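Single-structure report; data block below.
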């Protein structure tokens, strides 16, 4: 009887330990970003005083622009296999915060659906009482 009681307690303990020690799922947005991403396109919409001026869509070949995001908080951008940029990154909610080595900070909204990463950001300039705004949407596909 004591052996059965002990064995059942041991099994419950081992199951609890197994459940607690399981690796967390990739529901953490930061973990979902880690990996290699092939840039497929960037859409740029220009506004002047809130009036749309034009829209440009740039499409890229696989391997042309690659974003490598590492789990240590760093990332590299490559253009045709050559390092083009390196930066530190962090996540705050749905914001992807990139800090270059010279301290320049860029923040983009991000979303991941399946193997597609979307980054959205805008740049605005006010001068002489006028506002120029450019909105960017970059689409990446997770590289294999």
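Data overview
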read-out	value
Residue list for the stretch 111-122, filter: in contact with a strand residue (DSSP E or B) (Cβ under 7 Å, 6 or more places away or on another chain), free of Cβ contacts under 8 Å to residues at least 40 places away in the same chain and in a strand (DSSP E or B)	111, 116, 118, 119, 120, 121, 122
Test: residue in the stretch 6-27 that is surrounded by 14 or more Cβ atoms within 10 Å (Cβ to Cβ) and at pLDDT 65 or above	no
Within the stretch 28-56, tally of residues that are under 24 Å from residue 124 (Cα atoms), under 21 Å from the mean Cα position of the chain (by Cα) and surrounded by 15 or more Cβ atoms within 10 Å (Cβ to Cβ)	4
Yes/no for residue 61 being over 23 Å from residue 134 (Cα atoms), at pLDDT below 95, exposed (fewer than 12 other Cβ atoms within 10 Å of the Cβ) and more than 14 Å from the chain's Cα centre (by Cα)	no
Close pairs from the stretch 86-110: first more than 19 Å from residue 42 (Cβ to Cβ), partner in a loop (DSSP other than H, G, I, E, B) and at pLDDT below 95, Cβ under 7 Å, at least 6 apart	86/101
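The values are calculated or read from the model by the stated rules, or taken from the named source; none is laboratory data. All figures in this text were calculated on a predicted structure; none of them were measured in a lab. Cβ: placed from backbone, ideal geometry, glycine included. Neighbour counts: every protein chain shown.
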